[in-house]
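Read the structure below first, then the notes.
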2 protein chains.
Amino acid sequence: MYKALVYVTLKPSILDPQGTAVKKGLESLGFSDVMDVRVGKYLEVSLEAEDKQDAREQVEEMCKKLLSNPVIEDYRFELMEG
Amino acid sequence: MYKALVYVTLKPSILDPQGTAVKKGLESLGFSDVMDVRVGKYLEVSLEAEDKQDAREQVEEMCKKLLSNPVIEDYRFELMEG
């Protein structure tokens, strides 16, 4: 059993209205030192795989096909065993 | 300037319908070895602070007040300098 920690973020050139909204929310709460906020997704995917290489290939495929939109998003992931 | 990488996840006891939907989506794409999917948020917060301790306290406050819902969510973060 493997667990993949997947981080999906908007590409740097893509505008992030959700991040802007969070930044404004923080400012209105008095956090005046916030320069920038970017919002992404974090997923934990537990899966069975033959070995770590197999798990990595499966998660890579998942990221490309469903978990991220490669046109506007980047992804990276870490794999943990057990 | 500091950058906080913030991870917000549902508490383990809270049902995650979004994770269930992603799991079904993966299964329908042929990923039959997926056991579980949990969906969370990932935020990158850039902020000015006097030192690392000050930055840590600010981000801790942000997480409690706005970035997470402490009733149903857990959070953790890493701080990077520069």
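Throughout, read-outs are computed from the coordinates displayed, never taken from laboratory work. Predicted model only: the values in this text are computed from it and were never measured. Methodologically, a virtual Cβ is constructed for each residue, glycine included, from the backbone with ideal geometry; neighbour enumeration extends over all protein chains shown.
Observations on the model:
- Of everything in the stretch B:1-52 that is among the hydroxyl-bearing types (Ser, Thr, Tyr) and within 17 Å of the chain's Cα centre (by Cα), the residue that is farthest from the other protein chains (Cβ to nearest Cβ) is B:Ser13.
- Each residue in the stretch B:44-82 was checked for being of a type outside the set (Val, Ile, Thr) and surrounded by 15 or more Cβ atoms within 10 Å (Cβ to Cβ), and 17 of them qualify.
- Unmet requirement for A:Glu60, which otherwise passes all of (1) within 14 Å of the chain's Cα centre (by Cα); (2) within 19 Å of B:Lys41 (Cα to Cα): (2)
- The stretch A:32-42 - residue that is of a type outside the set (Lys, Arg) and in contact with a helix residue (DSSP H, G or I) (Cβ under 6 Å, 6 or more places away or on another chain) and, of those, surrounded by the most Cβ atoms within 10 Å (Cβ to Cβ): A:Val37
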